[in-house]
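To start, the structure under review is shown below, and the notes come after it.
The values are calculated or read from the model by the stated rules, or taken from the named source; none is laboratory data. In this text, all values refer to a predicted model and were calculated from it rather than measured experimentally. Cβ coordinates were reconstructed from backbone atoms using ideal geometry, including for glycine residues, and neighbour counts include every protein chain displayed.
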Amino acid sequence: MFGRRRTTPLDSTVTVGSLTLPNPVMVASGTAGHGTELGAFVELNSLGAIVVKSLAAEAWPGNPPPRVHQTPSGMINSVGLQGPGVALWLNDELPGLRDTGARVVASIWGRSVDEYRRAADLLADADDCVIAVEVNVSCPNLEDRGNMFSARAETTAAVVAATSGCNRPRWAKLSPAVADIAPIAYASIDAGAEAVTVANTSLGMVIDIEARQPLLGGGGGGLSGPAIHPIAVRAIFDVYCEHPEIPIIGVGGVASGADAIEMLMAGAVAVQVGTASFADPRATVTILAELTQWCNDHGVETVRELTGVANPITRSHS
């Protein structure tokens, strides 16, 4: 499949459900705020899309501090989904994003199916720059984690079905903390999602040994960064192996072009970059450049041809 080094431009366009993006690199939700914060370092319209921090129907204060702590291989956070609510975001933050020419994905969350429905309905008349809605059914930073919607196929499906009022393609953001992620991914698509985002942070905790209590104000938190990259790759691999027809957006510890390529080869059609942007706000640009260079060096003509090539289901049909 891979030949000698190419000199013609790489076709970096990718397809995520009904959407075509100019390249496969996006900003992950929760890592670049609700607006143009990252625009001081990156031309936002140069990326595949910007996924904003998750929004509820109403304003939400989040968890008490401290909220973020560095770990040996990434970070752990307990921000708790702080946000202004959809209506204020549409009025205060979205216009600035629109003016950059960025393709915007609005991430939404709720504590009940009805709260998801209300958040989605508020997005029905949003500007056309909002190209999709990522339905975050998997955030670990809520008190009632035992009832996290993505823990079961039926609850995930109920939330996705309830969010059709956004009038946009929906992506279901899933958790890696399940016994079998593939049927949950399938249930998302069956309920109306066009793609799945795999996967959210993993549950973790840091103890302050001097205070003899959890360090983060919310107790536990979501572990992200290089530590969870192999977990995310495996989750992508498993979903693709069972359901290669499902568009998968890979997220979890992408810090280099090689990390992105690994996710594509496991079965993703695109990737999101999160924690790496905390260390280097230009990480997305660097990762896209490294991915492009690797493709050029290996004779890859289109990014799309990398999807699933390391998966046995692809090899069995090649």
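Filtered by the rule that a residue be of a type outside the set (Gly, Ala, Ser) and surrounded by fewer than 23 Cβ atoms within 10 Å (Cβ to Cβ), the range 263-283 gives MET265, PHE278, ASP280, PRO281, ARG282.
The residues on offer are ALA235, ALA227, ALA279, ALA255, and the sole one that is farther than 21 Å from ASP11 by Cβ and modelled with pLDDT under 95 is ALA279.
Considering each of ILE231, ILE207 in turn, give the residue that is farther than 23 Å from THR31 by Cβ, in contact with a strand residue (DSSP E or B) (Cβ under 7 Å, 6 or more places away or on another chain) and surrounded by fewer than 21 Cβ atoms within 10 Å (Cβ to Cβ). So the residue among ILE231, ILE207 that is farther than 23 Å from THR31 by Cβ, in contact with a strand residue (DSSP E or B) (Cβ under 7 Å, 6 or more places away or on another chain) and surrounded by fewer than 21 Cβ atoms within 10 Å (Cβ to Cβ) is ILE207. The strands (runs of 3 or more DSSP E) located wholly in the range 168-271 that include 2 or more residues which are over 13 Å from the mean Cα position of the chain (by Cα) and not polar (S, T, N, Q) occupy 202-204, 221-224. For the range 213-221, check the following and say yes or no: at least one residue is surrounded by fewer than 24 Cβ atoms within 10 Å (Cβ to Cβ), in contact (Cβ under 8 Å) with a residue 60 or more places away in the chain and within 19 Å of VAL135 (Cα to Cα). The answer is no, given that none of the residues of the range 213-221 is surrounded by fewer than 24 Cβ atoms within 10 Å (Cβ to Cβ), in contact (Cβ under 8 Å) with a residue 60 or more places away in the chain and within 19 Å of VAL135 (Cα to Cα).
For the range 276-285, enumerate the residues that are hydroxyl-bearing (Ser, Thr, Tyr) and under 10 Å from VAL25 (Cα atoms).
Result: THR284, single match.
For the range 86-116, the tally of residues that are under 19 Å from ALA153 (Cα atoms), within 20 Å of the chain's Cα centre (by Cα) and not hydrophobic (A, V, I, L, M, F, W, C) stands at 3.
Kindly establish whether SER73 is in contact with a Pro (Cβ under 7 Å, 6 or more places away or on another chain) and under 30 Å from LEU264 (Cβ atoms).
yes
Does ALA289 satisfy being surrounded by fewer than 19 Cβ atoms within 10 Å (Cβ to Cβ), of a type in the set (Gly, Ala, Ser) and under 30 Å from ALA40 (Cα atoms)? So ALA289 fits the description; yes.
Here are ASP280, ASP297, ASP238: which of them is without any contact (Cβ under 8 Å) to a residue 12 or more places away in the chain and either out of contact with any Pro (no Cβ under 9 Å at 6 or more places or on another chain) or of a type in the set (Phe, Trp, Tyr) (or both)?
ASP280
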